[in-house]
Amino acid sequence: MRMNGRSLPANMLLSIRDRRMRRANAFSAKKDGVTGTLVASYNVHKCIGVDRKFDPDRTSRVIREIAPDVIALQEADNRFGDRDGLLDLHRLELETGLVPVPISATGKGHGWHGNVLLFKRGVVRDVHQIRLPGLEPRGAVVAEIDLDGNQSLRIIAAHLGLLRRSRSQQAQVVLDIMNSPDEKPTLLLGDLNEWRLGNRSALNTLHASFGPQPPAVPTFPSNLPLLALDRIMANRHGMIATVEAHDTPLSRVASDHLPLTAFVHL
């Protein structure tokens, strides 16, 4: 198996080296007092850790570790049946101040096709549920939020599919959202399931609106991240800074993905 022209063993060695560098960079960012709105994306894997234990409380503890202002969760609901939500959102709000963006979902789920968008402060101006095409049930939540009375920010929280053709179709739907006449500062948060580059990559499709992005940060698998499946992207140059994987002993076991964080400047 080769990725980006390198063998799997070479990528594993680079991952170990990069993990050490990311920890050092994260420490430097905290020490230097990096400021801005802290956003995060986290595929919680239905609250099942790499130890195969179902533990929603452990997932919530990882979110408390991150202490985000805005966070997009993927796979926060059961996939079938009533799509029951898996987290205690009321307790999470009491402990972190995070509240879910309200959506008109059916059943007992937290969000839309497992996507939950939570924020600490602000006013939700608009929210839409988007069904994404493909063989798997996939979706996105699109919300416009005034954060702390500042300029309105559009956030697209999405989880793209496992099949390449589906991802291409789903990325085009995101692109159609971005091509609306009232283009505004926008963040795309989520598990894009895409590490490939080139013309057949969904990332290449998204490049039209989101342009050059910060370097990719591997987040999967959580115990030895090799693939940059999770992304935080913006349609404004310089809007995103200090993109890091939230790499702690707890996050390495709580899900098969590490959370991805970034500071955003509006």
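Please treat every number below as a calculation from the coordinates, not as lab data. Keep in mind the model is a prediction, meaning the values are calculated, not measured. Don't worry about glycine lacking a Cβ; one is built from the backbone with ideal geometry, like all the others, and counts go over all protein chains shown.
A few points about this structure:
- With a cut-off of 9 Å between beta carbons, the residues surrounding His159 carry a summed charge of -1, where Lys and Arg count +1 and Asp and Glu -1.
- Length-normalised contact order of the stretch 129-250 in % [C-alpha pairs under 8 Å, at least 6 apart]: 20 percent
- Net length gained if the chain between Leu224 and Thr35 were fully extended (0.36 nm per residue, minus Cα distance): 65.2 nm
- Counting 0.36 nm for each residue step from Ala208 to Ala67 and taking away their Cα separation leaves a gain of 47.6 nm.
- 16 Å Cα-Cα reach of Lys184 towards aspartates and glutamates, excluding residues that sit fewer than 8 places from it in its own chain: Asp126, Glu144, Asp146, Asp176
- Between Arg131 and Val99, the modelled label-to-label distance comes to 3.0 nm, taking each label 7 Å out from Cα in the direction of the beta carbon.
- Arg165 versus Val123: modelled label distance in nm, points set 7 Å from Cα along the beta carbon direction: 4.7 nm
- Each of Glu183 and Ser152 was given a label point 7 Å from its Cα along the Cα-to-Cβ line. The distance between the two points is 1.7 nm.
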